[in-house]
Amino acid sequence: MNIAILSRGVGLYSTQSLFKAGEKHKHLMEVIDPNLCVLSIENGASVVRFHGDIVDDLDAIIPRIGASNPYYGSTLVRHFESLDVFSTVSANAILQTRDKWTCSQLLSKANVPIPKTFLGFAPEAETLLSNFENKPVIIKILEGTHGNGVILAETYVSALSTIETLNTAGVKFVLQEYISESKGTDLRVIVVDDEVVATMKRQSKSGDFRSNLHRGGSSEKIKLTFEEENVALQAAKAMQLGVCGVDLLQSERGPLVLEINSSPGLEGIENTTKIDISKKIISYIERNKR
Ligand SMILES: Nc1ncnc2c1ncn2[C@@H]1O[C@H](COP(=O)(O)OP(=O)(O)O)[C@@H](O)[C@H]1O
Ligand SMILES: [Mg+2]
């Protein structure tokens, strides 16, 4: 098969890992930088050009669309979809998971448990905060990533001033209950084709509450409880993602989904679990293109 990885970074661990897994399975692998593609609709047909050449020989794509340009990345995926190229994640799913509020809406619509969350839009910040009983709150900008754009406001005054500042700057955000009992940990679950394939627990570095490995967190391989596994699978299904990373918080009332990643980083989890996730993604493509 001809398989393209849509990625801005040829040298990135995840891109390389997928590339090698595809080659091992005797596929012709290539990396396409979404930002170097030219899209058009000509005589009613979708056309993708890369370095001037029309790309019309692909069987499948693996979008690795980063945070920087979800609109352009997803519209490229949609172009390939209309060319009947199999994609491990759909254009819609990329857009829907990109924004933390939309993601929360769709998860709760599918009865997936999430922390209590408010859209940070109200006439007055005090009105929003009155729902949190003076407890610490989490404030997240809608399109943050790697722990950037997540704030723990421990006092009423810091929450109030943060909300007012974000409103003044015109930044969209959500307000969320702080799950303190998770103590700076979360679970990263990789789901491929309705199956949990790898799981790790991440612990924030001392002094931080964000467990992202990009923020210096550490990780260990773990086994999920039946309930955690179920919630992760439900979440992947709700967002219609064939491949994704689901982040769970272990709360007093059971697992809560924090967010879903349509391009989960593979380096941390493959190194922590020693599981070849890329191979599982390639096998997923093979099952669908048979
Ligand atoms: N409501 C919350 N309660 C406790 N910790 C949280 C909460 N929301 C986020 N965190 C911590 O902050 C980290 C980053 O938040 P997340 O929503 O996943 O944003 P990002 O997209 O930047 O990773 C999480 O992995 C978790 O450790
Ligand atoms: Mg996260």
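Read-outs: derived from the displayed coordinates by stated rules, not from any lab. Quick caveat, the model's predicted, so the values are computed rather than measured. Backbone-built Cβ (ideal geometry, glycine too); neighbour counts: all protein chains shown.
Which of 116/221; 140/279; 26/109 have a Cα-Cα distance over 31 Å?
Checking Cα-Cα distances, 140/279; 26/109 exceed 31 Å.
If one puts a single equal scatterer on every Cα of the range 2-89 and applies the Debye formula without solvent, what log₁₀ I(q)/I(0) results at q = 0.11, 0.16 Å⁻¹?
-0.27, -0.58
Which lysines have a Cα less than 16 Å from the Cα of residue 183, not counting those fewer than 8 places away in the same chain?
Result set, ordered by chain and number: 135, 201, 205.
Note down the nm distance, to one decimal, between modelled labels 7 Å out along Cα→Cβ at residue 146 and at residue 169.
Distance between the two pseudo-spin positions: 1.7 nm.
Applying 1/(1 + (r/R0)^6) with R0 = 41 Å to the Cβ-Cβ distance of residue 45 and residue 195, what FRET efficiency is obtained, to the nearest 0.05?
0.70
For helix 156-169, report the angle its Cα long axis makes with the longest principal axis of the Cα atoms of the chain; keep it between 0 and 90° and round to the nearest 10°.
Here the helix axis deviates by roughly 40 degrees.
Would you pull out the residues with amide H under 5 Å of residue 241's amide H, same chain only if 5 or more places away, H placed 1.01 Å from N?
Result for residue 241 returns nothing.
Report the Stokes-Einstein translational diffusion coefficient (µm² s⁻¹, integer) for the range 191-290, Rh taken as the Kirkwood radius over Cα pairs, at 37 °C with viscosity 0.692 mPa s.
On the way: Rh = 14.2 Å.
Value of D from the Cα-based Kirkwood radius: 230 µm²/s.
Helix 70-82 versus the longest principal axis of the chain: what is the Cα-based angle in degrees, 0 to 90, to the nearest 10?
40 degrees
Given points 7 Å out from each Cα along the Cα-Cβ axis, report the residue 158 to residue 33 separation in nanometres with one decimal.
4.1 nm
Which peptide among 66-73, 166-173, 258-265 comes first, and what is the full order, when sorted by highest mean count of other Cβ atoms within 10 Å?
Details: 66-73: 15.6, 166-173: 13.8, 258-265: 22.8.
So the peptides 66-73, 166-173, 258-265, ranked by packing, come out 258-265, 66-73, 166-173.
Can you give me the angle between helix 100-109 and the longest principal axis of the chain, using Cα atoms only, in degrees from 0 to 90, rounded to the nearest 10?
90 degrees
Measure out, as a whole number of angstrom, how far apart the alpha-carbon centroids of the range 110-139 and the range 155-200 sit.
When both Cα centres are located, 11 Å separates them.
Among DSSP bridges having both ends in the chain, what percentage is antiparallel? Round to the nearest 5.
Numbers: 45 of 56 bridges.
Antiparallel bridges: around 80 percent, rounded to the nearest 5.
Please list 3J(HN,Hα) in residue order for the range 222-230, calculated via the Karplus relation 6.51 cos²θ - 1.76 cosθ + 1.60 where θ = phi - 60°; whole Hz, with x for glycine and proline.
Computed from phi, the couplings for the range 222-230 are 9, 10, 7, 6, 4, 5, 4, 4, 4 Hz.
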